[in-house]
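The values are calculated or read from the model by the stated rules, or taken from the named source; none is laboratory data. Just so you know, these numbers come straight off a predicted model, no measurement behind them. For neighbour counting, all protein chains shown are included, and Cβ atoms are generated from backbone atoms with ideal geometry for every residue, glycine included. In case anyone asks, the SASA skips ligands and DNA or RNA and just uses the protein heavy atoms, side chains included. Shrake-Rupley method; radii C 1.70, N 1.55, O 1.52, S 1.80 Å.
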Amino acid sequence: MQDGPNIALIASLVGDPARANMLTALMAGAALTASELALEAGVTLPTASSHLAKLMDGGLLSVASEGRHRYYALSGPHVAAMLEAIMGVAASVGPKRVRPGPREATMREARVCYDHLAGEHAVKMMDGFVERGVIVRDGQTVTLGPLGASYFAARGIDTANLGTSRRPVCRDCLDWSVRRSHLAGALGAAILDRILAEKWARREKDSRVVAFSPKGRTAFERTFLA
């Protein structure tokens, strides 16, 4: 028997189409009920409950009770990063689909990946951070550069208060649509919070899309891309 993590177990959990649809729905970062996830998966509620139990047992989901309702969410950003990476592999080696329509084009441009920004804007932002030395890359590891604290402080983000023992300040996350990395971790989440708080962009209802207004895109680019 091979030592190490049980990849086959996780692959079997994600590999079922209904469970994959449920996990993808939770990539937006919101917690959903079993009924809502049943609709996302296209299965009956009893079948959805069975799938959710397996995902819970596998450690991919967490659940919180509020009144009579139970709300399911991804168990952490590490699960979202795994799903984003799998999407990238599927996009590059999987069966080809008809070119996506306008809705999918907006997903490629900017979307939520659990709690941080993903898509073309996010990858361009990450490239700029690395180029300017704000973020330092060493292989697959990214850390805050010597200029990082002052750079982000000037933009209203105090990096000293970010990150915990369980969550790093910076983390590399493979972007499935661009197939290069964007910024995750506590800093990635703080940047998305700033974008939404400034109303440069809004979350589209029932979607992972982050829609920038023309003025908001200019402000975002001036703040994080210049």
**Study point:** Sole residue being on the phi > 0 side of the Ramachandran plot and within 15 Å of the chain's Cα centre (by Cα), chosen from Gly156, Gly133, Gly119
**Key:** Gly119
Review point. Consider Val89 against the criteria (1) aliphatic (A, V, I, L, M); (2) part of a helix (DSSP H, G or I); (3) open to solvent by less than 70 Å² (accessible area, probe 1.4 Å): it satisfies all of them except one. Which criterion is unmet?
Key: (3)
Practice item. Confirm whether Asp193 is of a type in the set (Asp, Glu), modelled with pLDDT of 95 or more and farther than 16 Å from Glu84 by Cβ. Key: yes
Point to revise | Pick from the range 47-71, criterion closer than 16 Å to Ala11 by Cβ and assigned to a helix (DSSP H, G or I), ranking: most open to solvent (accessible area, probe 1.4 Å) | key: Asp57
Point to revise | Close pairs from the range 104-127: first among the polar types (S, T, N, Q), partner surrounded by 24 or more Cβ atoms within 10 Å (Cβ to Cβ), Cβ under 7 Å, at least 6 apart | key: none
Practice item. Residues being farther than 12 Å from Asp115 by Cα and open to solvent by 20 Å² or more (accessible area, probe 1.4 Å): count how many of those fall in the range 74-86. Key: 4
Exercise for review: For the range 26-46, state whether one or more residues are at positive phi, modelled with pLDDT under 95 and open to solvent by 60 Å² or more (accessible area, probe 1.4 Å).
Suggested key: yes
Revision key, fill the gap. Inside the range 1-38, the number of residues satisfying the requirement of being aliphatic (A, V, I, L, M), closer than 24 Å to Arg111 by Cβ and in contact with a strand residue (DSSP E or B) (Cβ under 9 Å, 6 or more places away or on another chain) is 10
Check your understanding: Do we have any residue at all in the range 72-82 that's modelled with pLDDT of 90 or more, touching a Ser or Thr at 6+ places or on another chain (Cβ under 9 Å) and not in a strand (DSSP E or B)?
Key -> yes
